[in-house]
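Trainee: The structure follows.
The numbers here are math on the coordinates, done by the rules we state, and not lab data. Please read all numbers here as calculations on a predicted model, not as lab measurements. Please note: Cβ atoms are built from the backbone with ideal geometry, for glycine as well, and neighbour counts cover all protein chains shown.
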Amino acid sequence: MSCQTSFSQTARCELTRFPGSIFGLEDLTNIRDRTEGRAHPKAGPRARRSRRRRSQWSFAELQANLAYKAPLHGSLAVQVDADYTSQACPRCGHTSKGNRPNAGLMFMCEVCGHMGHSDRVASVNIALRTLLVRQDWMSTGALSMRPDVSDGEVEAARLSRYAELRWNPDTNP
């Protein structure tokens, strides 16, 4: 099956390929404010082009389409925290900016030495957090959505719980 390029068609394609699935999506609220891309008066054409491309991301459109169409296919789309997904090691749980040398695309854990592409590491962490939401849902009957509070203790407890998640490549097919 060939998937088209529009967000609506991409969402439909994923849902028909994987009916009855749970889709974990990063909570990308205020993504433009959180991504680095400050205007600089001496920025070259390449930097300006990159900034323009970043400002045109339509993550919200894709997430809205998935959330709308998922129940029609017996699936569920949940948003999980985006906090430190590309800085946290999925093997040992160590979270540090130092795990991303020079803020590049390579991930290298300072503690256990796990290496990989930072986007893949982030996707594994998102998958683990999605499974945690599913586990909570199965045990309590309610989805454990991200609390809408800015209490430091609540955030610390949530991040501590994420640090306990582990991924073992030996258990993956």
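Trainee: Taking 0.36 nm per intervening residue step and subtracting the Cα-Cα distance, what contour gain separates SER139 from THR10 on full extension?
Mentor: Extra length from SER139 to THR10 when fully extended: 43.3 nm.
Trainee: Taking other Cβ within 10 Å of each residue's Cβ, how do MET108, MET138, MET115 sort, fewest first?
Mentor: MET138, MET115, MET108
Trainee: Which length gain, in nm to one decimal place, applies between ALA67 and PHE18 when the Cα-Cα distance is subtracted from 0.36 nm times their residue separation?
Mentor: Taking ALA67 through PHE18 to full extension adds about 16.2 nm, to one decimal.
Trainee: How much FRET efficiency would the formula 1/(1 + (r/R0)^6) give for ARG46 and LEU159, where r is the Cβ-Cβ distance and R0 is 41 Å, rounded to 0.05?
Mentor: For R0 = 41 Å, the calculated efficiency reads 0.70.
Trainee: If we count other beta carbons within 10 Å of each Cβ, what is the order of ILE22, ILE126, fewest first?
Mentor: Ordered by Cβ neighbours within 10 Å, fewest first: ILE22, ILE126.
Trainee: Give me the extension gain from VAL111 to THR29: residue separation times 0.36 nm, minus the current Cα-Cα distance, reported in nm with one decimal.
Mentor: Contour length minus Cα-Cα distance gives 26.4 nm.
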